[in-house]
Each structure stands twice: as C-alpha cells, then as structure tokens.
Amino acid sequence: MASKRSVAVIGAGMHPWGKWGRNFVEYGVVAARAALADAGVAWTDIDFVAGADTIRNGYPGFIAGATFAQALGWSGARVSSSYAACASGVQAIASARAQILAGLSEVALVVGADTTPKGFFKPVGGDRPDDPDWLRFHVLGATNPTYFGLYAQRRVAIHGATEEDFAQVKVKNAAHGLNNPYARYRKEVTIEEVLASPMVADPLRLLEICATSDGAAAVVLCSLDYAKRHGIANPVTIDGISTVTPTFPNAVIEMPNFATDSSVAVAPGERTFRSSIAHAAYEEAGIDPKDVSLAEVYDLSSALELDWYEDIGLCEVGEAEHLLRSGATALGGRVPVNPSGGLSSFGEAIPAQAIAQVAECTWQLRGEATGHQVEGAKVAVTANQGLFGHGSSVVLSR
Amino acid sequence: MAGVPVVEGFFDPSVPALLGTRCTECATVFFPAERSWCRNPRCESTTFDEVELSREGTVWSFTDAQYQPPPPYVPADPYVPFAIVAVELAAEGIVVLGQAADGVTVADLAVGGRVKLITETLYSDDDGDKLVWRWRPIKEA
Ligand SMILES: [Zn+2]
C-alpha cells in the first residue's frame, strides 16, 4: 500500500508491439508523448528522463536516455540510462524513483524502446571467446529456448506438468491479448493448434516461445505531493521495486552460463534467484502475495509462466499446474496472470517490456484496461528475469 | 582423438574431463575455471587448485535444438538436430551443460538418469577437427 516510500504513476503510454522495421527512437517518442498526454504533463515540465537500453540498437552513447530527450526536444532535464537485459526498464524506473524520493526530481519520464532483428536472439558479432554469451552459442548451440526447454522438461519430471498444461498457458494468454490494442498477436488459439505447432526445444513448441518484437513503453512518475498538486487525488502508486542480484551459490542453470555456481562449500539459500526477485518487492511494499489482484510476469515460454506462479508466491512450489487448471490465473479468476496477453501476445521488446508491464498494471488499477480488465484490481505485481543475473519486480497499488 | 578443443581451457579431450579450479580456502569448485578471486562472497582466497570434474553425473534436465542455432554456432550441413543436457555433478555441487552425444535424442534421456562425458567432433574447418565434450547416457545393466 502507498507509503512515504511510494511514488505516483500519473501517465502511461505505449507504441503498439509489432515488426515495424523502423528506428527505436521513433517508437520511444510515440510512447513518451502518449504517457505525457495521459499524465497531462508538458514535456518541458519533466525534470528527469530515465532511458532503458539495449545494446543491439547501437553503442551505449547512442542508445541512452539522452537520445529520447533529444528526440523530444532538448529541455535541459537531467538524464540517466540503464542497461539490465530484460530488467532494463525497471532499472530505469528505479532510477527515477530514487531521484523523486530523494527530493531531487518532482516529475520524471521513463522510456524504453526496441527494434529487433528476425529469429532467435543472437549475441553481438565478432569472436569473443571470453564472453559466456558468445561461447554458449559457439560451443553448445544453446539458444534462449534451450534454457526454457530445460526448465520446462524439469517441470514435467518434478511437478508432473503436461504438454496440455503448457499449451493451456498459451491459449489463456492469447485470449487475454485478443482485445489489447498494443499486443502484436491478437488471435485466439486452441490447445490443438499449439500442440500441432513445430517442436523447437522439447517439450516447447513454436507457439509457446515468445517472439522478438519492436515496441516502446513509457511512464510518467512523480512525487505524491506533485500528484496531489496536479489534481490527482487517488493515483496509482509504485510501492516496491526489486532489482536484486542472485545470492551465492546460484544453483539454477541460467542464461548464458555453462554451469551453475558450486554449492559444495555453501548451501543454496532458501529462495532461488527467480523467487527472490518478487519477494524483495513485496517486502519493500509491505504486501503479502495473497493480496495480489493481478500479475504481469515474463512468459518467455508458456512453461516459464508456471514457474513464475510459484516464484511470485501465488501458490506453493509444485502447485502451479493445479492453479492453472483451476482457472484462477485466467481473466475472471482469482488472480489473473498476464491479463495484457503477456509476452505470448506481445513478443519481447527488451528495454520496453518491463516498463510495459508497469503500464499495463497502471491501466488495470485505474480500471481502464478495456476488453481485458481485471475487475476490482487493487494490487498488481510485475516480475521478470533476464541474462547475467538481472531481474526485476514492481508492486503497484491504488 | 585428433583435433583441438573448440575452446581453450574448458576440457581435456584425451581424458576426457572438464577442467575447473577449486578454491584452496573454501573448496568451492569453478567451471569454467576461476583463477583470480574466489566468488564465494565470504571467502577472500586468491589461490586455486586445478581440478578435473567428475566424468559421470545425473541428468538435471534436457531439451533439444530442433532449429539450427544462429552463428557463432557452426552447424552440420545439412543441419541435424541435437539434444542438450544439464548434468548434476554431485561431488562438485554444480549443474553443467553439454550437448548429448551424436545420435542421442530426447527419447534416450530422462531426468535422474546417469550420463558420462565423452569427446566428439563439434565441427571441422580448414584447421582440422574442433572437439567438444558431450554427454552419453549410461545404459543400465
Ligand atoms: Zn573460496
């Protein structure tokens, strides 16, 4: 719930996800202008700009927050840039929040945008045998779906997940995304269609693995005082943000590594890295997972969404299939997961995705998610995890 | 086996064995090898023993690559899908990845099954064969 450590989200905007083939800056500006209009704040009133980056769009000097500031028209605002793989967007949000809570900023704009090439994510070019991301492709042929496949197969063996369960996640998210104007894929699918799609990384099929997309998202954050002066009596607030790193030893194999840490000298902690991410955000927000009305989680694969149910505390470990089969995580259920349609309907636009999760939660908490609204939403949580020990979670409420 | 390892310092194809290091203070094992500073956050050691990792392990999970991975992977022509295994090495307390041996498919693998390390050719170029470690299921007697 909102506290002195909360900031308000007074504007959210997106550029529709797709494969538009244009420059990421253009998408970012569309999303930023939409968020500013939604907030009713003039660009020139923004005193802090936080950009979320991805290296694939250029060298760090170019892909920085300042790129968006220039495109919106130099205004003298202070700036920051964040790179944290899939968590870049929330690191940018965390950067803006810190400025606001420190009293150094009153109203900030956070922007992330991506333009993606076709096909599997691949490492940046050149021979780099000291880069684990390069090595895993060269030595193992291990793509991102390889790791998703390993997690999925593990769920099958340990928790009795079935291929129908995995397909059901896709069916659910496709139905959720159907009416979301920002989603790239707006088409219902059936379990049969999912199971008829080609195998990519056994047991995961083509329709169960998230694509890469172009897209952009932006939010306007401000102090609770500013929101009040701006005439917003009951704003959506961000009450907790987590950008924790793993603790040693990280005993789960993760992209892009060849091996886990060794747990021969130190026993693994009570929580895996993935489950520690949302836990830290809940702690900061003072919220129990059972109070959550909806969640936006990183369904890089259909099976991974089931892992998240447990990792964000919607159910005990081993109970995710049961939760899914009960219908609790579908719209109309007890705690809808990915009401936006998730990555399954969007495809991943890396630096924009974590911001998009927050934008979706903002609209849900305002009751403005037309066509995919979670009735009576009070508390929302986001979660994601990316390469190199990056992950993030945000708790919002209204 | 003729040829050279596809990547230096990760394995000895003649044994065959994966090559790691063990911290002389806390005994944490590192693969790939760590030789500068122990990554156990409560250990300040900077000295390591060179070790060969266990050559047998238990399948933690497995999957396959039905589609040809992008470069820098060097695929067979025509492309042949391969399985990938995550293997738990009990003595080292780690899970390590590797491709499954030539001809092994997901149908031959099971979580909890035993596998052993072998050397095979990953690809060949003008300089000769590039060798890699792979995992082969151990047939139950
Ligand atoms: Zn040590």
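The values are calculated or read from the model by the stated rules, or taken from the named source; none is laboratory data. Every value quoted in this text rests on a predicted model; they were computed, and no experiment measured them. As a convention, Cβ positions derive from the backbone with ideal geometry for all residues, glycine included, and neighbour counts pool all protein chains shown. Note: accessible area is taken over every heavy atom of the protein model, side chains too, but ligands, DNA and RNA are not part of it. Shrake-Rupley method; radii C 1.70, N 1.55, O 1.52, S 1.80 Å.
Just a few scattered comments:
- Average accessible area per residue (Å²) across segment A:326-398 - probe 1.4 Å, nucleic acids and ligands excluded: 23 Å²
- Accessible surface of segment B:4-137, 1.4 Å probe: 47 percent of it comes from carbon and sulfur atoms.
- For B:LEU89, solvent-accessible area (1.4 Å; no DNA, RNA or ligand), Å²: 0 Å²
- Accessible area per residue in Å² at 1.4 Å probe, computed on segment B:4-137: 45 Å²
- Once the GluC sites (Glu not before Pro) in DSSP loops with at most 14 neighbouring Cβ atoms within 10 Å are cut out of chain A, the longest remaining piece is A:1-187.
- Shown for segment A:143-178: residues covered by the partner protein chains by 30 Å² or more of accessible area relative to the chain by itself (probe radius 1.4 Å), namely A:THR146, A:LEU150, A:GLN153, A:ARG154.
- Flagged links, alpha-carbon separation over 20 Å, of A:LYS290/A:LYS378; A:LYS170/A:LYS290; B:LYS116/B:LYS139; A:LYS170/A:LYS378: A:LYS170/A:LYS290; A:LYS170/A:LYS378
- Share of carbon and sulfur in the accessible heavy-atom surface of chain A [1.4 Å probe, %]: 53 percent
- Sequence of B:TRP135, A:TRP43 from largest to smallest accessible area, 1.4 Å probe: A:TRP43, B:TRP135
- Altogether, the Stokes-Einstein calculation at 37 °C and 0.692 mPa s, with the Kirkwood radius of segment B:4-137 over Cα pairs as Rh, returns a diffusion coefficient of 206 µm²/s.
- Segment B:1-62: GluC sites (Glu not before Pro) in DSSP coil with no more than 12 other Cβ atoms inside 10 Å: B:GLU8, B:GLU44
- Accessible-area value, A:LEU101, 1.4 Å probe, nucleic acids and ligands omitted, Å²: 80 Å²
- Residues A:HIS159, A:HIS176 ordered from highest to lowest accessible area at a 1.4 Å probe: A:HIS159, A:HIS176.
- Threshold 50 Å² - residues in segment B:67-84 whose accessible area is reduced by that much or more when the chain is no longer isolated, probe 1.4 Å: B:TYR67, B:PRO70, B:PRO72, B:ILE84
- Where A:LYS4, A:LYS187, A:LYS19, A:LYS172 fall by accessible area, highest first, once all protein chains stay in place (1.4 Å): A:LYS4, A:LYS187, A:LYS19, A:LYS172
- Summed buried accessible area for B+A [probe radius 1.4 Å, Å², rounded to 100]: 3400 Å²
- Around A:ALA356: net Lys/Arg minus Asp/Glu count, Cβ-Cβ under 12 Å: -3
- A:ARG154 - accessible surface, heavy atoms, 1.4 Å probe, Å² rounded to 10: 70 Å²
- Only the Cβ atoms of Lys and Arg (+1) and of Asp and Glu (-1) were treated as charged; on that basis the dipole of segment A:39-167 about its Cα centre amounts to roughly 160 debye.
- Which of A:ALA108, A:ALA330, A:LEU300, positive extreme of dipole for chain A (C-beta unit charges): A:ALA108
- Panel note: contact residues of segment A:248-269 (accessible area lowered by at least 30 Å² against the chain on its own; 1.4 Å probe) correspond to A:PHE248, A:ILE253, A:PHE258, A:ALA259, A:THR260, A:SER262, A:VAL264, A:ALA265.
- What the Cα atoms of chain A give is an Rg and a Dmax of 19.7, 58 Å.
- Among beta bridges that DSSP assigns inside the protein assembly as shown, antiparallel share in %, nearest 5: 75 percent
- Helix-only [θ]222 nm of the protein assembly as shown, DSSP H runs n ≥ 4, -39500 (n - 2.57) each, per residue, nearest 500: -7500 deg cm²/dmol
- Assigned charges on the beta-carbon of Lys, Arg, Asp, Glu; the protein assembly as shown dipole about Cα centre (debye): 1400 debye
- Surface per residue (accessible, 1.4 Å probe) for segment A:124-180, Å²: 31 Å²
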